[in-house]
Amino acid sequence: MSQIVDARGLSCPQPVLATKKAIDKGEFPIEVLVDTVTSRENVRRMAESRNKQVKVEESEDGFKLMISN
Amino acid sequence: MSQRLTQFFASRWGIILAGTVIGILAPLLQKLGNPPNMGICQYMRPEIIGFVLGALIAAYAFREFKPRVGSAPIVRFILGVFAMIGALAFLGCPWRAILRLAGGDLNAIIGLAGLAVGITVGVQFLKSGYSLGRSNKTYHSVGWIMPAIMIGFFLLLVFRVQFSGGAIFFSKKGPGAMYAPIFISLGAALIIGFLAQRTRFCTMGSIRDIILMRDTHLFSGVAALLVVAFIVNLILGQVKFGISAQPIAHSSHLWNFLGMALAGLAFALAGGCPGRQLFLAGEGDGDSAIFVIGMITGAAFAHNFGLAGKPDTIVEGVVKVGGISTAGMIAVIFGLVVCLIIGFSMREKN
């Protein structure tokens, strides 16, 4: 079961919190949508600090982060 | 190259660099004529203008200028007003609290403790689903409003424009009349604005991230600022340890604490300290721009209605403890109540 976290338009630190919640649920992969570089870096840093794999793709209106265990 | 730089700025060394540069520049600006322990702040100073424009340049250089608006602007306005009323009860934003501490003003410890408590309360709201909602993409011109206002301010400042009614009033005495040479201040602030936009330097975030997820990334930047500013102050002979009669500060502990608790809560609910809001406004965030306008309004309220703190004074060799007026106390308490209502009532149900 994969999860999708749509954090576009949310301000700091909500994208990170929402992603953290999804990671804590333990279902991977998690697809996180963000629209600023700040959110991309914050989400990436948080996920990597929890030893998750993070792949970033640019999407139409921001970035898509794929987080896997 | 651009990618490499982005990676560096996002790293721990990047944020430490930002803190270090602020820590060097702020005490130097004091040496050059800015008010003591107040290297960077206040209304319509070249520093504020430089922060926004420095962030604007950085955002354009790295293609991060993203005009966006629509995340509960009226709430952000109110948070800006009360954040400023709280900060002025203490006589300083978080940056100045750190600079005051770096100059030996131990009242700043109480202010920072208040700030941390306010942020802790804000974090509880964030954990229980508090959200101001999403912003939306908007037109380029909208993202330019705050930078354009700042350019306008700069022109007014440089040419010292006088309107027929007498405005703009430039302070003739007091901290408002003290300043380092305009172009040096502006240059320093442009550098800081650029670095802070790249590294997302934020004092409120530094405490919030530790409480929320044991993340010390932003904190390392703030710690670098404190340590470096202290060292530079020592070199320049600007350190004076003490509690009473510190420069532009009062030692009314309860109100230092509560004022900054209000500010911390408002910053946490709005997602950034005043510095961060200015940098975000520079990269096109119209909601942060509204927060900034709220802060300016709050400052006008505080100064016109006597809500701001009065510094300690020395009368015939005796220290007279300053503090805030009854109206100021009521404003701080009222602000805390309003922020709590915002925190409780704006939680998304799961």
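The values are calculated or read from the model by the stated rules, or taken from the named source; none is laboratory data. Because the structure is a prediction, the values reported are computed rather than measured. Ideal geometry is used to build each Cβ from the backbone, glycine not excepted, and the neighbour counts take in all protein chains shown.
Which one is surrounded by the most Cβ atoms within 10 Å (Cβ to Cβ), of the residues in the range B:201-213 that are touching a residue at least 60 places away in the same chain (Cβ under 8 Å) and either more than 10 Å from chain A (Cβ to nearest Cβ) or closer than 14 Å to B:GLY122 by Cα (or both)?
B:MET204
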Residue within the range B:59-69 that is aliphatic (A, V, I, L, M), more than 21 Å from B:HIS253 (Cβ to Cβ), crowded, with 23+ Cβ neighbours inside 10 Å and modelled with pLDDT of 95 or more present: yes
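Each row is one residue, and each column tells you yes or no for (1) modelled with pLDDT of 95 or more; (2) surrounded by fewer than 21 Cβ atoms within 10 Å (Cβ to Cβ); (3) within 14 Å of chain A (Cβ to nearest Cβ); (4) closer than 15 Å to B:ASN107 by Cβ.
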site	(1), (2), (3), (4)
B:MET260	yes, no, no, yes
B:GLY294	yes, no, no, no
B:ASN304	no, yes, no, no
B:PHE334	yes, yes, no, no
Pairs where the first residue, in the range B:215-234, is more than 16 Å from B:CYS273 (Cβ to Cβ) and the second is outside any helix (DSSP H, G or I) and of a type outside the set (D, E, K, R), C-beta under 6 Å, 6+ apart: B:ASN233/B:GLY103; B:ASN233/B:VAL239
Hey, B:ARG198 within 14 Å of chain A (Cβ to nearest Cβ), of a type in the set (Lys, Arg) and farther than 28 Å from B:GLY114 by Cβ or not: yes
B:ALA308 being surrounded by 15 or more Cβ atoms within 10 Å (Cβ to Cβ) and hydrophobic (A, V, I, L, M, F, W, C): yes
Only listed residue being crowded, with 17+ Cβ neighbours inside 10 Å and in a helix (DSSP H, G or I), chosen from B:VAL142, B:VAL81: B:VAL81
Meets criteria (closer than 16 Å to B:GLY264 by Cα and in a helix (DSSP H, G or I)) for B:LEU112: yes
Given (1) touching a strand residue (DSSP E or B) at 6+ places or on another chain (Cβ under 8 Å); (2) basic (Lys, Arg); (3) within 14 Å of chain A (Cβ to nearest Cβ), number of the condition B:ARG276 does not satisfy: (1)
Number of positions in the range B:231-270 that are touching a Phe, Trp or Tyr at 6+ places or on another chain (Cβ under 9 Å), in a loop (DSSP other than H, G, I, E, B) and not hydrophobic (A, V, I, L, M, F, W, C): 1
The range B:134-151, residues that are out of contact with any Gly (no Cβ under 8 Å at 6 or more places or on another chain) and at the interface with chain A (Cβ under 9 Å from one of its Cβ atoms): B:LYS137
